[in-house]
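K.L.:
Mind having a look at this structure? Questions to follow.
The values are calculated or read from the model by the stated rules, or taken from the named source; none is laboratory data. Since the structure is predicted, the reported quantities are computational estimates derived from the model, not experimental observations. Here the Cβ positions follow ideal geometry from the backbone for every residue, glycine too, while neighbour counts run over all protein chains shown. We work out accessible area using only protein heavy atoms, side chains counted, and drop any ligands, DNA or RNA first. Shrake-Rupley method; radii C 1.70, N 1.55, O 1.52, S 1.80 Å.
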Amino acid sequence: MNRIPRYFWRFVGCGVLVWSILAAQISLDDAGIPPRVILDTRDAANWLGGTLEPETVCPDGSSAIRWEHAKEPALRVVNIPSDWTGPHDAIECWLYSQNETNASFVIIFNSENPDTEGQDYYSTTVKLSFTGWRKFIFPLKSMERARRPLGWNQITGVVFTAEGWGNTPDPRSVVNLGQVRLVKLLAEHGPRLADREFFDCLNLDYPGLEAVKAAANAEDFAAAKTAFVKHLKTREQPRWHFDWRQVNAPTSRNPGFNLSNADKFAANCLVSCGIWHQFGERIEWSFNPTEHNYHEWTWGLSRHVFWQELGKAYWATGDEKYARAFVAQLRSWIIDNPVPFSAGNVPYSRWRTIETGIRAYSSWPDAFHYFLGSPSFDDDSIFLMVKSFYEHAVHLRSFPQRNNWLCMEMNGLYHIGTLFPEFKEASAWREYAANRLYEEMSRQVYPDGAQVELAPGYHGLALDNFLGLWKLARLNRQTLPEDYVLRLEKMYGMYLNVTSPDGRAPAVNDSSWIDTRAPLLEAARLFPQRSDFLYWGTGGQQGTPPAFTSTFMPYAGWFTMRSGWGPQDLWLHFEAGPFGAGHQHEDKLSFVIHAYGTRLLTEGGVYAYDASQWRKYVLSAAAHNVVRIDRLDQNRRDAPCFNLTEKPLDNRWITNELFDFAEGTYSEGFGPGLKLKVSHSRAILFVKPHYWLLFDVLTPPDDLGHEYTTWFHFNTDHALALDAPHGYLSDEPGSAKLLIAPLNPDGLDARLFCGQEQPEVQGWIPAEGLRCRPVATPTFVRKAKGAFAEAYLIYPVKAQDKLPIKKIRRLDERSFELLFHDGTRHAIQFSLGNQHLKSLRWNAFDQHGTQTSCIVIE
């Protein structure tokens, strides 16, 4: 087919998806609203960093400004109007790229808000992956936002910049810009791809498409459509994880299948993020019924997970009502939500790249195969869905992001390239996606196996997508690098390193207490030589116990202390690493404890990504077991340089049969701008297998007085205040208990918070859904001058046992004794070095004063 399509899509990297006009000029002004020139190129004095080129004329007839990145990394526009509002809804601009450099620049539309710190602006990014003239269209609603810009009626500046935002000026980049106009887009519906363009996107020489090619060449697109759907239903390859042809097989029927959710979904009662909403006959896919700007609800709705439940119900019953509901919802979504011109990673978007990827590898191919054999899934709807699959692929290829998002995007792109090999670009999509994920296994995963976001839940999400691509490739006998799966072994190893006795990874950063047994059981099948994976995955029923107990992951900065691998053993997880590449909490030096079958010390974990007080709380240091100084908290969010590490941390770490010793330091700063530079070094000694000693060394930059507040979050709302020893004991009925006792209570203000909301939130952890539950939170406050150390005894007690500690006796400022009811005693002596614990001696004595054990750390 040697025709030129009316328009085609061209991806230009992380900037914008454009209509590149070829055969005919498509006017966006047909709506009857004339464009408005907002940045005029006729006066070069208004373009600082660029020069007017009178001899260069844009395709729209306007003059052009030449911008050479080698000479000026930024192009600033002055004397601009402030009010950009009106009937228009997009910005239009012609750009000329002299060289295809693949460098990017950002366009910043400032709208400064005096109530916020830092710049407030809208922005979009353009990648110079083309040469010649291209028209760019930037819908206003699709612009990225930084902080809280005042609005398009209060624009205070415009900057084109090739540096910052992860970009570096390329000296080969030379751009000409035409006048910038505000335009009104035509009314939109999806799919954008017309029938003619769809068949241009197919490799019509692909085996089985002979009838499609004949009809398309004759421009009989109705016949071509029918032939294409017939091809989809008769082809033997590719394969999906179940065979759609078995829809009416007796084995597919399941009389006991629970239809309650499917019946709701069929009636347009849909769920997202655990929150249900009853729509009417028409579904408004941009709707949000939640409070506190919980954008995840709208985004999650367009993941279409309910289509999988409809498909299962259809197979279980054969009832066409489930197929009809799917088709109606599918058509509604595709028609009402055309693919955007930009990445669409904004509130209320239905095309964020993460959702696009998730749909492409899960709910969409599942639904496609569940219903392909249904008479309700007619040829027109099948064709519509495949068109949208193509648009999904172009969108994913155009706007790849990073970290866990990229994993989902590339997995989705690979799925489309595999499931629809008839597309001309299918093999290129597969190759690109597989190569990107293969590279990400090194770029996104530390040598110790931790994914760079340092959140076990997102670690698992990345791992699932690495593996998901491999599973589909294996199913369809497609080639991947030989060591593709081998690279995943260390990621599975993370689960074994950090797992608690009840089979959970700690709720670090934006993660819940996720299961570790299921992924390790899968890992045992992939790596049969790892009998320790099998042991943990089967709950100790098969395999052999790990050869280690306690461990340190030197890139993640995660220490895990254990007394053994049994369900009653003691376990502590201590984090002392970088902030993380995303989903971060202000939680460095926090720790959690599980002992005698019970989670005893916990922390904020993850809460819904909304704007509520609970979300702000779990992100903050206040929801973790850390130290606040002068009412200022950790604030690494103000300094992205702390997010990652390029080399292993050199923290002190000792582990043996008698004890574990770990140490970490937070010196990045406290409060806004990290201006309060107090060094906090925390050391933890595990006296195996009984208890822990905690040492906080705090070193201010001056000799002035400072206030230090230390929080400990019990996993219960029951706690007792004790006098001997002075401290707090968690007291959940029928459960193990935990003692938190300062070694030196003199001058220490001890308080217990539980379920407080004013004057600030304290003493809560997330529960199910959008709820939080109160937890007893012992809090110790000391005012001190100069460097000093605060030490605590942390002692777990079995449910049926009494607290064995009789008294903590202070001998001097840094020497203490633990006196036990049975007449034994433990002596503790430590000294301070340069902002950390210099030495520590621990000695155990029996009832007769004879030394029975000794620990020396220097």
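K.L.:
What do you get for GluC sites (Glu not before Pro) in the stretch 287-376 restricted to DSSP loop and a cutoff of at most 14 other Cβ within 10 Å of the site's Cβ?
P.N.:
E291
K.L.:
Between K71 and V856, take the C-beta separation as r, use R0 = 51 Å, and let me know the FRET efficiency to the nearest 0.05.
P.N.:
Calculated value: 0.20.
K.L.:
Can you tell me the length gained on complete extension of the stretch E163 to R771, counting 0.36 nm per residue apart and subtracting the Cα distance?
P.N.:
Extending this stretch completely gives an extra 214.6 nm.
K.L.:
For helix 517-526, what angle does its Cα long axis make with the longest principal axis of the chain, in degrees from 0 to 90 and rounded to 10?
P.N.:
In the chain, helix 517-526 runs at an angle near 60 degrees to the longest axis.
K.L.:
Label-point separation (nm) for A267 and A611, each offset 7 Å from Cα along Cα-to-Cβ?
P.N.:
So the label points at A267 and A611 sit 3.4 nm apart.
K.L.:
While we're here: Could you work out how much longer the chain between R751 and I33 gets when fully extended? Use 0.36 nm per residue separation minus the Cα distance between them, nm to one decimal.
P.N.:
Here the answer is 251.9 nm.
K.L.:
Once the Cα atoms of the chain are picked out, what are the Rg and Dmax in Å?
P.N.:
Using the Cα atoms of the chain, the pair Rg, Dmax is 30.9, 103 Å.
K.L.:
Order L396, L480, most accessible first, counting only protein heavy atoms with a 1.4 angstrom probe.
P.N.:
L480, L396
K.L.:
Using a Förster radius of 35 Å, what is the FRET efficiency between Q829 and Q758 based on their Cβ-Cβ separation? Nearest 0.05, please.
P.N.:
0.25
K.L.:
What do you reckon, how do K71, K127 stack up by accessible area (1.4 Å probe), largest on top?
P.N.:
Largest accessible area first, the list is K71, K127.
K.L.:
Something else about it: Would you please give the residues with an amide H less than 5 Å from that of W84, counting only those at least 5 places away or on a separate chain, with H modeled from the backbone geometry?
P.N.:
N153, Q154, I155
K.L.:
Enumerate the amide H contacts of H726 below 5 Å, restricted to partners 5 or more residues apart or on another chain; note that Pro and chain-start residues carry no placed amide H.
P.N.:
Residues meeting the amide H criterion: I808.
K.L.:
To continue, here is another question. Go through K688/K807; K783/K838; K71/K675; K490/K647 and tell me which ones have a Cα-Cα distance over 25 Å in this structure.
P.N.:
Exceeds cut-off: K71/K675.
K.L.:
Report in % the part of the accessible area of the stretch 654-747 that belongs to carbon and sulfur, leaving out ligands and nucleic acids; probe 1.4 Å.
P.N.:
In the stretch 654-747, the share of accessible area belonging to carbon and sulfur is 54 percent.
K.L.:
Let's test the formula: R0 of 22 Å, r as the Cβ-Cβ distance of N476 and Q529. What FRET efficiency results, to the nearest 0.05?
P.N.:
That pair, N476 with Q529, gives E of 0.20.
K.L.:
Could you order the peptides 787-798, 718-729 from most to least packed, using the average number of other C-beta atoms within 10 Å per residue?
P.N.:
The peptides rank, most packed first, as 787-798, 718-729.
K.L.:
At a temperature of 10 °C and a viscosity of 1.306 mPa s, determine how fast the stretch 802-858 diffuses translationally according to Stokes-Einstein, using the Kirkwood radius over alpha-carbon pairs as Rh; express D in µm²/s, rounded to the nearest whole number.
P.N.:
131 µm²/s
K.L.:
Turning to a different aspect of this structure: Which ³J(HN,Hα) values, rounded to whole Hz and listed in residue order, are derived for the stretch 85-95 from phi using the Karplus coefficients 6.51, -1.76 and 1.60 in 6.51 cos²θ - 1.76 cosθ + 1.60 with θ = phi - 60°, glycine and proline given as x?
P.N.:
Running phi through 6.51 cos²θ - 1.76 cosθ + 1.60 with θ = phi - 60° gives 7, x, x, 7, 9, 7, 9, 10, 7, 8, 10 Hz.
K.L.:
Mark the label point 7 Å from the Cα of K141 along Cα→Cβ and return the residues of the stretch 189-208 whose backbone N is within less than 15 Å of it.
P.N.:
Inside the label zone: 189-190.
K.L.:
Something else now. Could I have the simple spin-label model distance between D801 and K785, label points 7 Å from Cα toward Cβ, reported in nm to one decimal?
P.N.:
Using points 7 Å along Cα→Cβ, the separation is 4.4 nm.
K.L.:
Provide the per-residue ³J(HN,Hα) series for the stretch 774-789, in order, calculated from phi with Karplus coefficients 6.51, -1.76, 1.60 and θ = phi - 60°, each as a whole number of Hz, with x at glycine and proline positions.
P.N.:
Running phi through 6.51 cos²θ - 1.76 cosθ + 1.60 with θ = phi - 60° gives x, 9, 5, 10, x, 9, 10, 10, 10, 9, 8, 10, x, 6, 7, 10 Hz.
K.L.:
Arrange the peptides 147-154, 559-566 so that the one whose residues have, on average, the most other Cβ atoms within 10 Å appears first.
P.N.:
Packing order, densest peptide first, comes out as 559-566, 147-154.
K.L.:
So how much slack lies between R282 and A724, counting 0.36 nm per residue of separation and subtracting their Cα-Cα distance, in nm?
P.N.:
Separation in residues times 0.36 nm, less the Cα-Cα distance, equals 152.5 nm.
K.L.:
For the stretch 300-305, in order, what is each residue's ³J(HN,Hα) by Karplus, 6.51 cos²θ - 1.76 cosθ + 1.60 with θ = phi - 60°, in whole Hz (x at glycine and Pro)?
P.N.:
x, 4, 8, 8, 6, 5
K.L.:
Which parts of the stretch 432-449 would a label at F548 reach, counting a residue when its backbone N lies under 20 Å from a point 7 Å out along Cα-to-Cβ?
P.N.:
442, 445-449
K.L.:
I would also like to ask the following. Over the chain, with the other protein chains present, what is the accessible area per residue in square angstrom, probe 1.4 angstrom?
P.N.:
Dividing the accessible area of the chain by its residue count gives 40 Å².
K.L.:
Now for a separate question. Which far-off residues, 5 or more places away or on another chain, put their amide H under 5 Å from the one on H713, with H placed in the peptide plane?
P.N.:
T602
K.L.:
Okay, moving on. Report, to the nearest whole %, how much of the accessible area of the stretch 495-583 belongs to carbon and sulfur atoms, 1.4 Å probe, protein only.
P.N.:
That share works out to 51 percent.
K.L.:
By its C-alpha gyration tensor, with a ≥ b ≥ c as the square roots of the eigenvalues, how is the stretch 740-801 shaped: rounded for a/c under 1.5, else prolate for a/b larger than b/c, else oblate?
P.N.:
Oblate is the answer for the stretch 740-801, as a/c is 1.5 or above yet b/c matches or exceeds a/b.
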